Structure formats: structure tokens, C-alpha cells
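Below you'll find the structure, written out as C-alpha cells, and then a few comments.
The values are calculated or read from the model by the stated rules, or taken from the named source; none is laboratory data. Just so we're clear, the structure is a prediction, and the values are computed from it rather than from any experiment. Neighbour counts run over all protein chains shown; Cβ positions are idealised from the backbone, glycine included. The protein model used for the area step is the full one, side chains on, heavy atoms only, and it has no ligands, DNA or RNA in it. Shrake-Rupley method; radii C 1.70, N 1.55, O 1.52, S 1.80 Å.
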Amino acid sequence: MYDFAPVPGQSKPSLYADLIEAARAITHGEPDTVANMANCAALIGLFLPDLNWAGFYRMVGGELVLGPFVGKPACIRIGRGQGVCGTAAASGETQLVPDVHAFPGHIACDAASRSELVVPVLRAGEVIAVIDLDSPLPARFDGEDAAGIEALAAALADCI
Ligand code: SME
């Protein structure tokens, strides 16, 4: 049994350090990428408050395809450059969206979503996946969240 849990009241950098340590521990020695993404989606849902969706889209044949996640069923395929996820995949850059309704082309998978953070996962300079977090709160994510999820993406690049 795994017993990972955030420490109440801890700072965001400390929270993300613990999340990444848990992700490294749970993926250590495991070559199955689906299992690793599934456990890491569950860890994100466990560690980060105020999310309604968290998970992975994988780059498959030039488009993003839904991967393991926690949350409501979501759209399966997203073209490069489409929506927040496709923009992150096309640019290779983190997308921090305080108000999804103000993002041109935002794809609404869950009507409850108000803000979003999408971080590309790069391996050898190529975008192989994105990590997508949605929140029902406006402006839920800040630079510390972006830095934390970018560090998580770097930690996972060789095991997903
Ligand atoms: N909102 C995303 C689509 C994926 S869902 O949020 C899970 C986008 O605009 O790309």
C-alpha cells in the first residue's frame, strides 16, 4: 500500500518537492508508461487542492491523445495548436491560463473549469506529452505551480 499525502499548510515549493519525490518513488524501476502516468495523475489529484481534472495527453502521430487522468471523461484527440493543450504542444511552452473563457480556442471538457495549467513534457527536445491541470477556481495557478509542474514533467520525461 502506498501512503503518500501532502503535509497540511506546507508551502507550494515544499508541496511540489514532495509530489515529485512521490512520483519518482512510484515510477522507480517501472517501465510501463501507462502505469506510470496513471499513478502520477492520481498523485497530482492527491497532492494539489482545488482541481477538477488532472492528467496526461500523449503526442501520438502528430496529435495529442488522451492519457491517464483523474476527473470527468474528456475529449480524446486534440490537434497540435488547438486549445490550451495543443498550444502547449505546438509551442513547447507552459500555458498558464487564469481565465479559460478568455483563451481563444479553449476546449471545454468540463464546464466547471475556470482556470488551467498545461505543461509540455519534453524528451530530447521533442514534446512527447502534456500535463493538463484544470480548476473550478479562477486564477487557481501561479508561477510556483508552473515551476512545480515543469519540474514534475522533467522528472517524468524518461518514464512515461
Ligand atoms: N481545456 C483543454 C482540453 C482538455 S480538458 O481540459 C481535459 C484545452 O483547451 O486544450
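By definition, a body whose alpha carbon gyration tensor gives a ≥ b ≥ c is oblate when a/c is 1.5 or more and a/b is not larger than b/c, and the chain fits this oblate description. Here's how it looks for residue 123: its modeled amide H is under 5 Å from those of 128, which are all 5 or more places away or on a different chain. Other residues lying with their Cβ under 12 Å from the Cβ of residue 92 contribute a combined charge of -1, Lys and Arg counting +1, Asp and Glu -1.
Ranking 159, 40 from most to least accessible surface, computed with a 1.4 Å probe over the protein chains only, gives 159, 40.
Computed from backbone phi, the HN-Hα couplings of the range 15-31 come to 4, 5, 4, 5, 4, 5, 4, 5, 5, 5, 5, 6, 9, 4, x, 9, x Hz, rounded to whole numbers (Karplus: 6.51 cos²θ - 1.76 cosθ + 1.60, θ = phi - 60°; Gly and Pro given as x). The slack between residue 28 and residue 93, meaning 0.36 nm per residue of separation minus the straight C-alpha distance, is 20.7 nm.
Simple spin-label estimate for residue 102 and residue 72 gives 2.3 nm between the two label positions (7 Å along the Cα-to-Cβ direction from each Cα). Taking the Cα centre of the chain as reference, the dipole from Cβ charges on Lys and Arg (+1) and Asp and Glu (-1) amounts to some 320 debye.
Sequence-distant contacts, meaning Cα pairs under 8 Å at least 6 residues apart, place the relative contact order of the range 12-156 at 24 percent. Inter-part distance, the range 70-105 to the range 4-22, computed on C-alpha centroids, equals 26 Å. For residue 60, nonlocal amide neighbours, meaning residues 5 or more places apart or on other chains whose placed amide H falls under 5 Å from its own, are 65.
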